[in-house]
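Everything below concerns the one structure shown next.
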Amino acid sequence: MKTPSFHRTLRLSALAASLLLSFAIGGALFSALGAETLLAASPVPPLPPAAAPNTGEAKDQNLITNGNFEKGTDGWDVVAFGKKGKMAIDPMELYEGKPTLRIENAEGDHTFVKFTIQGKPHTSYRLSGMVKTKDVQSVKEGGKTGAVLMVAQTLTTTAPVQRTTPWKRVSVDFSTGDKAEIRAGPSLGTYASPVTGTAWFADISLVEMGDAAVSAPPKISAATPRPLTTSPSVAADIVKNNRSNLVFVTTPDGAGSGFIAKFGAGTFLVTNAHVAAGAKGAMFKTLDGTQVQGGTAAVAVGHDVFTMALKPGGTPFEIMIGVDQSASIGDEVVVLGNAEGAGVINTIQGRIVGLGPNLVEVDAPFQPGNSGSPIIHLKSGKVIGVATYLTIRKYDSATKVAVKEPIVRRFGYRLDSIKTWQPVNWQGFYAQATEMESIEKLTEDLVAFLDDLGKDGRVTRGAHPNPVIKTRIDQWLEAKSKRLSPRDSATADQSLLSFLKIICQSDITAAQPRLTYNYFQRALSDQQRERTEISGYFSQAIENLR
(Lines give C-alpha, C1' and ligand atoms only; values in the text may rest on other atoms or scores of the structure.)
Protein backbone atom coordinates (compact mmCIF):
# COMPACT_ATOMS: atom_id res chain seq x y z
CA MET A 1 0.00 0.00 0.00
CA LYS A 2 1.44 3.35 -1.01
CA THR A 3 1.13 6.18 1.45
CA PRO A 4 2.43 9.74 1.68
CA SER A 5 6.20 9.84 2.08
CA PHE A 6 6.32 12.01 5.22
CA HIS A 7 3.67 10.81 7.64
CA ARG A 8 2.69 7.36 6.47
CA THR A 9 -0.97 6.69 7.08
CA LEU A 10 -0.08 3.81 9.40
CA ARG A 11 3.23 3.74 11.19
CA LEU A 12 4.57 1.84 14.19
CA SER A 13 5.14 4.04 17.19
CA ALA A 14 8.73 4.62 18.15
CA LEU A 15 8.02 2.61 21.28
CA ALA A 16 7.66 -0.98 20.21
CA ALA A 17 5.14 -2.37 22.73
CA SER A 18 3.70 -1.92 26.17
CA LEU A 19 5.72 -4.72 27.71
CA LEU A 20 8.58 -5.13 30.15
CA LEU A 21 11.35 -6.25 27.81
CA SER A 22 14.62 -7.89 28.79
CA PHE A 23 17.64 -7.70 26.53
CA ALA A 24 21.01 -9.38 26.90
CA ILE A 25 24.18 -7.72 25.63
CA GLY A 26 27.51 -9.44 26.13
CA GLY A 27 26.04 -11.40 29.03
CA ALA A 28 24.81 -8.27 30.83
CA LEU A 29 21.06 -8.17 31.41
CA PHE A 30 19.10 -4.95 31.29
CA SER A 31 15.42 -3.99 31.15
CA ALA A 32 13.42 -1.43 29.22
CA LEU A 33 9.85 -0.38 29.86
CA GLY A 34 8.11 0.48 26.56
CA ALA A 35 4.98 2.53 25.93
CA GLU A 36 1.75 1.53 24.25
CA THR A 37 1.74 0.19 20.73
CA LEU A 38 0.54 3.04 18.54
CA LEU A 39 -0.61 2.95 14.94
CA ALA A 40 -1.18 6.45 13.70
CA ALA A 41 -1.62 8.54 10.62
CA SER A 42 0.35 11.30 12.30
CA PRO A 43 2.42 11.52 15.45
CA VAL A 44 0.01 13.76 17.29
CA PRO A 45 -1.09 12.53 20.71
CA PRO A 46 -4.66 11.37 21.44
CA LEU A 47 -7.16 13.48 23.40
CA PRO A 48 -5.90 14.40 26.86
CA PRO A 49 -7.49 13.04 30.02
CA ALA A 50 -10.74 14.54 31.18
CA ALA A 51 -10.84 18.06 32.48
CA ALA A 52 -12.22 18.81 35.93
CA PRO A 53 -15.85 17.67 36.16
CA ASN A 54 -18.62 20.19 35.99
CA THR A 55 -19.96 19.82 39.53
CA GLY A 56 -16.68 20.09 41.42
CA GLU A 57 -18.25 18.20 44.35
CA ALA A 58 -17.79 14.59 45.37
CA LYS A 59 -20.86 12.36 45.18
CA ASP A 60 -19.70 9.39 47.28
CA GLN A 61 -17.33 8.35 50.04
CA ASN A 62 -13.66 7.48 49.62
CA LEU A 63 -13.43 4.40 47.38
CA ILE A 64 -9.96 3.54 48.69
CA THR A 65 -10.76 1.60 51.85
CA ASN A 66 -7.25 1.80 53.29
CA GLY A 67 -6.25 5.29 52.20
CA ASN A 68 -4.85 6.21 55.64
CA PHE A 69 -2.74 3.00 55.89
CA GLU A 70 -4.13 2.08 59.32
CA LYS A 71 -4.37 -1.50 57.99
CA GLY A 72 -0.80 -1.47 56.77
CA THR A 73 -0.48 -2.26 53.08
CA ASP A 74 -3.75 -4.21 52.79
CA GLY A 75 -5.15 -3.68 49.32
CA TRP A 76 -2.01 -2.02 48.01
CA ASP A 77 0.36 -3.58 45.46
CA VAL A 78 3.82 -2.27 44.63
CA VAL A 79 5.50 -2.25 41.22
CA ALA A 80 9.15 -1.18 41.16
CA PHE A 81 9.82 -1.17 37.44
CA GLY A 82 13.60 -1.21 37.86
CA LYS A 83 13.41 -3.54 40.88
CA LYS A 84 15.28 -0.92 42.95
CA GLY A 85 12.51 0.96 44.74
CA LYS A 86 11.07 -0.04 48.12
CA MET A 87 7.70 0.55 49.79
CA ALA A 88 6.88 0.26 53.48
CA ILE A 89 4.58 1.64 56.18
CA ASP A 90 6.47 4.25 58.22
CA PRO A 91 5.29 4.26 61.89
CA MET A 92 7.65 7.13 62.73
CA GLU A 93 6.55 9.62 60.06
CA LEU A 94 2.91 10.26 61.01
CA TYR A 95 0.23 12.41 59.43
CA GLU A 96 -2.53 13.51 61.81
CA GLY A 97 -1.45 10.74 64.17
CA LYS A 98 -1.71 7.98 61.56
CA PRO A 99 1.05 6.00 59.80
CA THR A 100 2.16 6.93 56.31
CA LEU A 101 3.37 5.08 53.26
CA ARG A 102 7.05 5.53 52.45
CA ILE A 103 8.49 4.96 48.98
CA GLU A 104 12.26 5.03 48.74
CA ASN A 105 14.31 4.96 45.55
CA ALA A 106 17.91 4.75 46.69
CA GLU A 107 18.77 4.39 43.00
CA GLY A 108 16.85 5.72 40.04
CA ASP A 109 13.55 3.90 39.64
CA HIS A 110 9.83 4.34 39.01
CA THR A 111 8.02 2.81 41.98
CA PHE A 112 4.22 2.73 41.80
CA VAL A 113 1.94 1.60 44.65
CA LYS A 114 -1.55 0.96 43.33
CA PHE A 115 -5.00 0.25 44.73
CA THR A 116 -7.38 -1.48 42.30
CA ILE A 117 -11.05 -0.44 42.33
CA GLN A 118 -14.06 -1.40 40.25
CA GLY A 119 -15.42 2.02 39.32
CA LYS A 120 -17.89 3.08 36.65
CA PRO A 121 -17.29 3.71 32.95
CA HIS A 122 -17.75 7.21 31.54
CA THR A 123 -17.44 8.74 34.99
CA SER A 124 -15.23 11.46 36.45
CA TYR A 125 -13.20 10.86 39.61
CA ARG A 126 -10.87 12.88 41.81
CA LEU A 127 -7.68 11.35 43.20
CA SER A 128 -6.10 13.29 46.05
CA GLY A 129 -3.76 12.91 48.99
CA MET A 130 -0.89 14.33 51.03
CA VAL A 131 2.74 14.15 49.90
CA LYS A 132 6.01 14.89 51.69
CA THR A 133 9.43 14.50 50.05
CA LYS A 134 13.13 14.34 50.85
CA ASP A 135 15.85 14.78 48.21
CA VAL A 136 13.56 13.78 45.34
CA GLN A 137 15.06 14.48 41.95
CA SER A 138 14.79 13.17 38.41
CA VAL A 139 17.54 10.93 37.13
CA LYS A 140 17.35 12.70 33.77
CA GLU A 141 18.91 16.15 33.71
CA GLY A 142 16.16 18.75 33.66
CA GLY A 143 13.51 16.10 34.29
CA LYS A 144 10.29 17.34 35.82
CA THR A 145 9.04 14.09 37.32
CA GLY A 146 8.92 13.48 41.07
CA ALA A 147 6.51 12.21 43.73
CA VAL A 148 2.95 12.05 42.35
CA LEU A 149 -0.39 10.33 42.60
CA MET A 150 -0.98 8.41 39.38
CA VAL A 151 -3.86 6.75 37.53
CA ALA A 152 -2.35 3.84 35.64
CA GLN A 153 -4.86 3.41 32.83
CA THR A 154 -4.70 7.01 31.68
CA LEU A 155 -1.19 7.86 32.91
CA THR A 156 -2.81 10.87 34.57
CA THR A 157 -0.73 12.28 37.44
CA THR A 158 -0.81 15.10 39.93
CA ALA A 159 1.77 17.86 39.63
CA PRO A 160 5.16 16.34 40.60
CA VAL A 161 6.69 17.21 43.97
CA GLN A 162 10.50 17.42 43.94
CA ARG A 163 13.41 18.19 46.25
CA THR A 164 12.62 18.36 50.01
CA THR A 165 9.15 19.65 50.86
CA PRO A 166 6.80 19.55 53.87
CA TRP A 167 3.37 17.94 53.67
CA LYS A 168 1.25 19.32 50.83
CA ARG A 169 -2.05 18.25 49.29
CA VAL A 170 -2.20 17.26 45.63
CA SER A 171 -5.13 16.18 43.49
CA VAL A 172 -6.08 15.40 39.90
CA ASP A 173 -9.38 14.76 38.12
CA PHE A 174 -9.79 12.16 35.40
CA SER A 175 -12.39 10.21 33.45
CA THR A 176 -12.63 6.44 33.09
CA GLY A 177 -13.82 6.55 29.47
CA ASP A 178 -15.13 3.11 28.52
CA LYS A 179 -13.23 1.31 31.29
CA ALA A 180 -14.52 0.62 34.79
CA GLU A 181 -11.42 -0.69 36.58
CA ILE A 182 -9.21 1.96 38.19
CA ARG A 183 -5.62 1.39 39.33
CA ALA A 184 -4.40 4.43 41.19
CA GLY A 185 -2.09 5.46 43.99
CA PRO A 186 1.26 6.95 45.02
CA SER A 187 4.20 6.89 42.65
CA LEU A 188 7.81 7.97 43.04
CA GLY A 189 8.75 8.69 39.45
CA THR A 190 6.47 8.45 36.47
CA TYR A 191 6.08 6.30 33.42
CA ALA A 192 9.59 5.39 32.21
CA SER A 193 11.00 8.44 34.04
CA PRO A 194 13.01 7.30 37.10
CA VAL A 195 13.79 9.44 40.14
CA THR A 196 15.80 9.09 43.34
CA GLY A 197 14.89 10.11 46.88
CA THR A 198 12.19 9.38 49.45
CA ALA A 199 8.52 10.32 49.54
CA TRP A 200 5.77 9.82 52.11
CA PHE A 201 2.07 9.62 51.25
CA ALA A 202 -1.02 9.92 53.46
CA ASP A 203 -4.78 10.39 53.36
CA ILE A 204 -5.16 8.96 49.84
CA SER A 205 -8.67 9.46 48.53
CA LEU A 206 -10.60 8.54 45.39
CA VAL A 207 -14.11 9.95 45.06
CA GLU A 208 -16.68 9.89 42.29
CA MET A 209 -17.44 13.28 40.78
CA GLY A 210 -20.25 12.36 38.39
CA ASP A 211 -20.66 11.90 34.66
CA ALA A 212 -17.57 12.56 32.57
CA ALA A 213 -17.15 16.11 31.28
CA VAL A 214 -17.85 16.88 27.63
CA SER A 215 -14.11 17.29 26.95
CA ALA A 216 -13.63 13.54 27.49
CA PRO A 217 -17.05 12.03 26.78
CA PRO A 218 -18.12 8.41 26.82
CA LYS A 219 -16.76 6.31 24.01
CA ILE A 220 -19.32 4.29 22.10
CA SER A 221 -18.22 0.69 22.28
CA ALA A 222 -17.13 -0.80 18.97
CA ALA A 223 -18.42 -4.16 20.17
CA THR A 224 -21.93 -2.89 20.84
CA PRO A 225 -22.39 0.24 18.69
CA ARG A 226 -25.57 2.24 18.83
CA PRO A 227 -27.57 1.67 15.65
CA LEU A 228 -27.48 4.53 13.16
CA THR A 229 -30.82 6.14 12.44
CA THR A 230 -29.86 8.12 9.35
CA SER A 231 -30.38 6.27 6.09
CA PRO A 232 -27.26 5.55 4.01
CA SER A 233 -29.03 7.33 1.19
CA VAL A 234 -28.53 10.63 3.03
CA ALA A 235 -24.77 10.11 2.98
CA ALA A 236 -24.98 9.04 -0.66
CA ASP A 237 -26.83 12.25 -1.49
CA ILE A 238 -24.04 14.28 0.16
CA VAL A 239 -21.53 12.61 -2.15
CA LYS A 240 -23.78 13.17 -5.16
CA ASN A 241 -24.25 16.83 -4.35
CA ASN A 242 -20.55 17.42 -3.63
CA ARG A 243 -18.79 15.58 -6.44
CA SER A 244 -16.89 18.73 -7.30
CA ASN A 245 -15.90 19.32 -3.65
CA LEU A 246 -14.27 15.95 -2.93
CA VAL A 247 -10.59 15.80 -3.85
CA PHE A 248 -8.19 12.93 -4.50
CA VAL A 249 -4.56 13.67 -3.59
CA THR A 250 -2.13 11.50 -5.55
CA THR A 251 1.65 11.64 -5.35
CA PRO A 252 4.48 9.56 -6.80
CA ASP A 253 4.65 7.74 -3.44
CA GLY A 254 1.15 7.70 -2.02
CA ALA A 255 -2.40 8.98 -1.86
CA GLY A 256 -4.70 10.94 0.40
CA SER A 257 -7.92 12.88 0.49
CA GLY A 258 -9.05 16.48 0.58
CA PHE A 259 -12.09 18.63 0.06
CA ILE A 260 -13.13 22.12 -1.01
CA ALA A 261 -14.76 24.32 1.60
CA LYS A 262 -15.71 27.90 2.25
CA PHE A 263 -13.46 29.32 4.95
CA GLY A 264 -14.39 32.83 6.05
CA ALA A 265 -14.71 34.91 2.91
CA GLY A 266 -12.61 32.57 0.74
CA THR A 267 -12.74 29.15 -0.87
CA PHE A 268 -9.98 26.66 -0.10
CA LEU A 269 -8.78 23.14 -0.74
CA VAL A 270 -8.42 21.55 2.71
CA THR A 271 -6.39 18.48 3.70
CA ASN A 272 -3.99 17.40 6.44
CA ALA A 273 -0.60 19.01 6.80
CA HIS A 274 0.95 15.53 6.84
CA VAL A 275 -0.71 14.77 3.50
CA ALA A 276 0.60 18.02 2.00
CA ALA A 277 4.07 17.39 3.42
CA GLY A 278 4.27 14.15 1.47
CA ALA A 279 2.64 15.59 -1.63
CA LYS A 280 5.66 16.84 -3.60
CA GLY A 281 4.67 16.50 -7.23
CA ALA A 282 1.08 15.82 -6.20
CA MET A 283 -2.01 15.94 -8.38
CA PHE A 284 -5.27 17.27 -6.91
CA LYS A 285 -8.36 16.06 -8.74
CA THR A 286 -12.06 16.18 -7.89
CA LEU A 287 -14.33 13.15 -8.05
CA ASP A 288 -15.45 14.17 -11.54
CA GLY A 289 -11.82 14.26 -12.73
CA THR A 290 -11.26 18.01 -12.76
CA GLN A 291 -7.74 19.04 -11.78
CA VAL A 292 -7.64 21.55 -8.93
CA GLN A 293 -5.28 24.49 -9.39
CA GLY A 294 -4.38 25.92 -6.01
CA GLY A 295 -2.96 29.30 -5.09
CA THR A 296 -1.50 30.58 -1.82
CA ALA A 297 -1.00 27.80 0.72
CA ALA A 298 -0.96 27.88 4.53
CA VAL A 299 -0.59 25.44 7.42
CA ALA A 300 -2.48 25.81 10.71
CA VAL A 301 -0.73 26.40 14.03
CA GLY A 302 -1.56 23.71 16.59
CA HIS A 303 -3.50 21.62 14.06
CA ASP A 304 -2.63 19.06 11.38
CA VAL A 305 -4.50 21.11 8.74
CA PHE A 306 -3.37 22.56 5.42
CA THR A 307 -5.19 24.83 2.95
CA MET A 308 -4.69 26.20 -0.57
CA ALA A 309 -6.65 29.20 -1.80
CA LEU A 310 -8.93 28.57 -4.79
CA LYS A 311 -10.87 30.79 -7.14
CA PRO A 312 -14.43 31.42 -5.94
CA GLY A 313 -17.10 29.33 -7.58
CA GLY A 314 -19.41 26.40 -7.13
CA THR A 315 -21.02 25.48 -3.84
CA PRO A 316 -18.22 24.39 -1.49
CA PHE A 317 -18.74 22.58 1.81
CA GLU A 318 -19.72 24.79 4.74
CA ILE A 319 -17.64 24.59 7.91
CA MET A 320 -19.43 24.42 11.25
CA ILE A 321 -18.46 27.22 13.66
CA GLY A 322 -18.76 26.48 17.38
CA VAL A 323 -18.70 22.70 17.08
CA ASP A 324 -18.97 22.15 20.82
CA GLN A 325 -22.18 24.23 20.89
CA SER A 326 -23.74 23.04 17.62
CA ALA A 327 -22.87 19.33 17.72
CA SER A 328 -23.28 16.79 20.53
CA ILE A 329 -21.90 13.46 21.63
CA GLY A 330 -23.84 10.76 19.80
CA ASP A 331 -24.65 12.88 16.74
CA GLU A 332 -24.21 10.97 13.51
CA VAL A 333 -21.41 11.79 11.08
CA VAL A 334 -20.11 10.58 7.77
CA VAL A 335 -16.49 10.57 6.62
CA LEU A 336 -16.04 10.88 2.87
CA GLY A 337 -12.63 9.70 1.80
CA ASN A 338 -10.29 8.02 -0.62
CA ALA A 339 -10.25 4.64 1.15
CA GLU A 340 -6.90 2.84 0.98
CA GLY A 341 -5.83 5.40 -1.63
CA ALA A 342 -7.77 3.45 -4.25
CA GLY A 343 -9.38 6.48 -5.91
CA VAL A 344 -12.88 5.58 -4.77
CA ILE A 345 -14.95 7.74 -2.40
CA ASN A 346 -16.44 5.74 0.47
CA THR A 347 -19.21 6.92 2.79
CA ILE A 348 -18.16 5.88 6.28
CA GLN A 349 -20.87 6.51 8.86
CA GLY A 350 -20.61 6.67 12.63
CA ARG A 351 -21.14 8.94 15.62
CA ILE A 352 -19.30 11.63 17.55
CA VAL A 353 -17.84 10.02 20.66
CA GLY A 354 -15.62 12.85 21.92
CA LEU A 355 -15.11 16.60 21.63
CA GLY A 356 -11.96 18.45 22.62
CA PRO A 357 -10.68 22.00 22.10
CA ASN A 358 -8.91 21.05 18.86
CA LEU A 359 -10.06 17.49 18.19
CA VAL A 360 -13.22 15.56 17.50
CA GLU A 361 -13.31 11.80 18.09
CA VAL A 362 -15.62 9.61 16.01
CA ASP A 363 -16.31 5.90 15.72
CA ALA A 364 -16.77 6.03 11.95
CA PRO A 365 -14.15 3.42 10.90
CA PHE A 366 -12.07 5.49 8.51
CA GLN A 367 -8.94 3.82 7.18
CA PRO A 368 -5.58 4.59 5.49
CA GLY A 369 -6.08 6.93 2.56
CA ASN A 370 -8.89 8.76 4.40
CA SER A 371 -6.45 11.27 5.91
CA GLY A 372 -7.63 14.72 4.86
CA SER A 373 -11.26 13.67 4.39
CA PRO A 374 -14.12 15.82 5.69
CA ILE A 375 -15.99 14.66 8.79
CA ILE A 376 -19.53 15.81 8.09
CA HIS A 377 -22.21 16.34 10.72
CA LEU A 378 -25.20 14.62 9.10
CA LYS A 379 -27.88 16.64 10.88
CA SER A 380 -26.53 19.96 9.58
CA GLY A 381 -24.55 18.83 6.54
CA LYS A 382 -21.57 20.91 7.75
CA VAL A 383 -17.93 19.89 8.09
CA ILE A 384 -16.84 19.60 11.73
CA GLY A 385 -13.31 18.31 11.21
CA VAL A 386 -10.62 16.76 9.03
CA ALA A 387 -10.05 13.00 9.46
CA THR A 388 -6.46 12.79 10.68
CA TYR A 389 -5.31 9.75 12.64
CA LEU A 390 -6.22 6.65 14.55
CA THR A 391 -4.62 4.91 17.51
CA ILE A 392 -4.58 1.19 18.21
CA ARG A 393 -3.70 0.06 21.71
CA LYS A 394 -2.88 -3.63 22.03
CA TYR A 395 -1.63 -3.69 25.62
CA ASP A 396 -3.06 -2.58 28.93
CA SER A 397 -0.94 0.41 29.92
CA ALA A 398 -0.95 -0.59 33.60
CA THR A 399 -0.47 -4.37 33.49
CA LYS A 400 1.43 -4.57 30.17
CA VAL A 401 -0.79 -7.56 29.32
CA ALA A 402 -2.25 -7.88 25.84
CA VAL A 403 -5.93 -6.94 25.68
CA LYS A 404 -8.42 -9.35 24.15
CA GLU A 405 -9.42 -6.91 21.43
CA PRO A 406 -7.27 -3.94 20.31
CA ILE A 407 -8.76 -0.60 21.33
CA VAL A 408 -9.15 1.66 18.29
CA ARG A 409 -9.82 5.40 18.47
CA ARG A 410 -10.17 7.80 15.52
CA PHE A 411 -9.60 11.55 15.59
CA GLY A 412 -10.01 14.56 13.35
CA TYR A 413 -8.89 18.16 13.76
CA ARG A 414 -11.56 20.78 14.18
CA LEU A 415 -11.45 23.67 11.72
CA ASP A 416 -13.36 26.19 13.81
CA SER A 417 -10.67 26.28 16.52
CA ILE A 418 -7.79 27.34 14.27
CA LYS A 419 -6.53 30.77 15.33
CA THR A 420 -3.28 31.23 13.40
CA TRP A 421 -1.94 30.23 10.00
CA GLN A 422 1.61 30.14 8.62
CA PRO A 423 2.08 30.90 4.90
CA VAL A 424 3.79 28.05 3.06
CA ASN A 425 6.99 28.53 1.12
CA TRP A 426 7.07 25.27 -0.80
CA GLN A 427 10.85 24.90 -0.97
CA GLY A 428 11.27 25.39 2.76
CA PHE A 429 8.17 23.35 3.61
CA TYR A 430 9.38 20.33 1.65
CA ALA A 431 12.92 20.67 3.02
CA GLN A 432 11.57 20.54 6.57
CA ALA A 433 9.28 17.63 5.66
CA THR A 434 12.28 15.71 4.31
CA GLU A 435 14.28 16.36 7.47
CA MET A 436 11.41 15.18 9.67
CA GLU A 437 11.00 12.07 7.53
CA SER A 438 14.66 11.23 8.12
CA ILE A 439 14.28 11.73 11.87
CA GLU A 440 11.17 9.54 12.04
CA LYS A 441 12.93 6.85 10.01
CA LEU A 442 15.87 6.76 12.41
CA THR A 443 13.46 6.50 15.36
CA GLU A 444 11.81 3.50 13.74
CA ASP A 445 15.19 1.93 13.01
CA LEU A 446 16.40 2.40 16.59
CA VAL A 447 13.25 0.66 17.80
CA ALA A 448 13.82 -2.10 15.25
CA PHE A 449 17.30 -2.57 16.74
CA LEU A 450 15.81 -2.88 20.25
CA ASP A 451 13.17 -5.30 18.98
CA ASP A 452 15.80 -7.41 17.23
CA LEU A 453 18.01 -7.47 20.29
CA GLY A 454 15.09 -8.24 22.58
CA LYS A 455 14.14 -11.46 20.81
CA ASP A 456 17.11 -13.53 21.91
CA GLY A 457 19.88 -11.13 22.92
CA ARG A 458 21.40 -11.19 19.44
CA VAL A 459 21.34 -8.79 16.50
CA THR A 460 20.67 -10.01 12.96
CA ARG A 461 23.48 -9.09 10.60
CA GLY A 462 22.29 -6.89 7.73
CA ALA A 463 18.91 -6.21 9.35
CA HIS A 464 19.68 -2.55 10.15
CA PRO A 465 20.67 -0.80 6.90
CA ASN A 466 20.10 2.81 8.02
CA PRO A 467 23.44 4.44 7.12
CA VAL A 468 23.42 6.45 10.36
CA ILE A 469 23.80 3.29 12.47
CA LYS A 470 24.76 0.53 10.01
CA THR A 471 28.55 0.96 10.08
CA ARG A 472 28.82 0.95 13.86
CA ILE A 473 26.50 -2.05 14.23
CA ASP A 474 28.49 -3.97 11.60
CA GLN A 475 31.75 -3.12 13.39
CA TRP A 476 30.26 -4.27 16.69
CA LEU A 477 29.03 -7.55 15.18
CA GLU A 478 32.45 -8.15 13.63
CA ALA A 479 34.15 -7.58 16.98
CA LYS A 480 31.69 -9.85 18.79
CA SER A 481 32.32 -12.64 16.30
CA LYS A 482 35.89 -12.91 17.60
CA ARG A 483 37.09 -14.55 20.80
CA LEU A 484 37.01 -11.54 23.10
CA SER A 485 37.75 -11.52 26.78
CA PRO A 486 34.75 -10.67 28.99
CA ARG A 487 36.24 -7.23 29.60
CA ASP A 488 36.80 -6.52 25.88
CA SER A 489 33.31 -7.83 25.07
CA ALA A 490 31.74 -5.49 27.64
CA THR A 491 33.83 -2.60 26.29
CA ALA A 492 32.57 -3.28 22.75
CA ASP A 493 28.98 -3.39 24.05
CA GLN A 494 29.40 -0.15 25.96
CA SER A 495 30.95 1.59 22.95
CA LEU A 496 28.00 0.68 20.72
CA LEU A 497 25.42 1.67 23.30
CA SER A 498 27.15 5.01 23.95
CA PHE A 499 27.13 5.71 20.22
CA LEU A 500 23.43 4.85 19.91
CA LYS A 501 22.61 7.05 22.91
CA ILE A 502 24.36 10.03 21.27
CA ILE A 503 22.63 9.32 17.95
CA CYS A 504 19.27 9.43 19.76
CA GLN A 505 19.61 13.18 20.21
CA SER A 506 22.10 14.55 17.66
CA ASP A 507 19.76 14.83 14.64
CA ILE A 508 16.94 16.28 16.76
CA THR A 509 19.25 18.91 18.25
CA ALA A 510 20.50 19.83 14.78
CA ALA A 511 16.95 20.12 13.40
CA GLN A 512 15.54 22.38 16.12
CA PRO A 513 16.78 25.73 14.72
CA ARG A 514 15.85 24.76 11.15
CA LEU A 515 12.20 23.84 11.69
CA THR A 516 10.16 27.02 11.41
CA TYR A 517 6.67 25.57 10.83
CA ASN A 518 4.70 24.87 14.00
CA TYR A 519 3.47 21.62 12.51
CA PHE A 520 7.01 20.25 12.14
CA GLN A 521 8.05 21.68 15.51
CA ARG A 522 5.27 19.72 17.19
CA ALA A 523 6.24 16.60 15.28
CA LEU A 524 9.84 17.09 16.43
CA SER A 525 8.69 17.41 20.04
CA ASP A 526 6.91 14.06 19.74
CA GLN A 527 10.07 12.53 18.33
CA GLN A 528 12.08 14.11 21.15
CA ARG A 529 9.91 12.38 23.74
CA GLU A 530 10.25 9.02 22.05
CA ARG A 531 14.00 9.40 21.56
CA THR A 532 14.46 10.42 25.20
CA GLU A 533 12.84 7.18 26.29
CA ILE A 534 14.93 5.13 23.88
CA SER A 535 18.05 6.94 25.09
CA GLY A 536 17.05 6.02 28.63
CA TYR A 537 17.11 2.34 27.68
CA PHE A 538 20.63 2.71 26.34
CA SER A 539 21.70 4.64 29.46
CA GLN A 540 20.36 1.89 31.72
CA ALA A 541 22.15 -0.74 29.65
CA ILE A 542 25.43 1.17 29.88
CA GLU A 543 25.04 1.49 33.64
CA ASN A 544 24.40 -2.24 33.99
CA LEU A 545 27.53 -3.01 32.01
CA ARG A 546 29.71 -1.08 34.45
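Assorted remarks:
- Criterion: in contact (Cβ under 8 Å) with a residue 60 or more places away in the chain, within 19 Å of L446 (Cβ to Cβ) and of a type in the set (A, V, I, L, M) - qualifying residue of I502, I469, I473, I508: I508
- The single condition from (1) in the same structural domain as V131 (by TED's automatic domain parsing); (2) touching a residue at least 12 places away in the same chain (Cβ under 8 Å) that E70 fails is (1).
- Filtering segment 267-287 to residues that are outside any loop (DSSP other than H, G, I, E, B) and farther than 18 Å from R414 by Cα leaves A277, M283, F284, K285, T286.
- Residue that is modelled with the lowest pLDDT, among those in segment 446-476 that are within 22 Å of the chain's Cα centre (by Cα) and surrounded by fewer than 18 Cβ atoms within 10 Å (Cβ to Cβ): D451
- Some residue of segment 502-520 being surrounded by 14 or more Cβ atoms within 10 Å (Cβ to Cβ), out of contact with any strand residue (DSSP E or B) (no Cβ under 7 Å at 6 or more places or on another chain), closer than 25 Å to E107 by Cβ and of a type outside the set (A, V, I, L, M, F, W, C): yes
- In segment 271-283, the residues that are without any contact (Cβ under 8 Å) to a residue 40 or more places away in the chain reach residues that are surrounded by fewer than 24 Cβ atoms within 10 Å (Cβ to Cβ) with C-beta atoms within less than 7 angstrom, at least six apart or across chains, in these pairs: G281/T251; G281/P252; A282/T250; A282/T251; M283/T250; M283/Q291.
- Residue match in segment 418-439 (condition: assigned to a loop (DSSP other than H, G, I, E, B), buried (at least 16 other Cβ atoms within 10 Å of the Cβ) and modelled with pLDDT under 95): yes
- Qualifying residue in segment 123-131 (condition: under 21 Å from D203 (Cα atoms) and of a type in the set (F, W, Y)): yes
- Filter pass, S506 being among the polar types (S, T, N, Q) and at pLDDT 90 or above: yes
- Of all the residues in segment 150-171, those that are of a type outside the set (K, R) and assigned to a strand (DSSP E or B) number 11.
- Test: residue in segment 195-214 that is part of a loop (DSSP other than H, G, I, E, B) and either surrounded by fewer than 19 Cβ atoms within 10 Å (Cβ to Cβ) or at pLDDT 90 or above (or both): yes
- Residue that is farthest from S326 (Cα to Cα), among those in segment 380-399 that are at pLDDT 90 or above and surrounded by fewer than 24 Cβ atoms within 10 Å (Cβ to Cβ): G381
- When R483, R522 are screened for being assigned to a helix (DSSP H, G or I) and among the charged types (D, E, K, R), only R522 passes.
The values are calculated or read from the model by the stated rules, or taken from the named source; none is laboratory data. The structure displayed is predicted, hence computed values, not measured ones. Quick reminder, even Gly has a Cβ in these numbers, built from the backbone with ideal geometry, and neighbours come from all protein chains shown.
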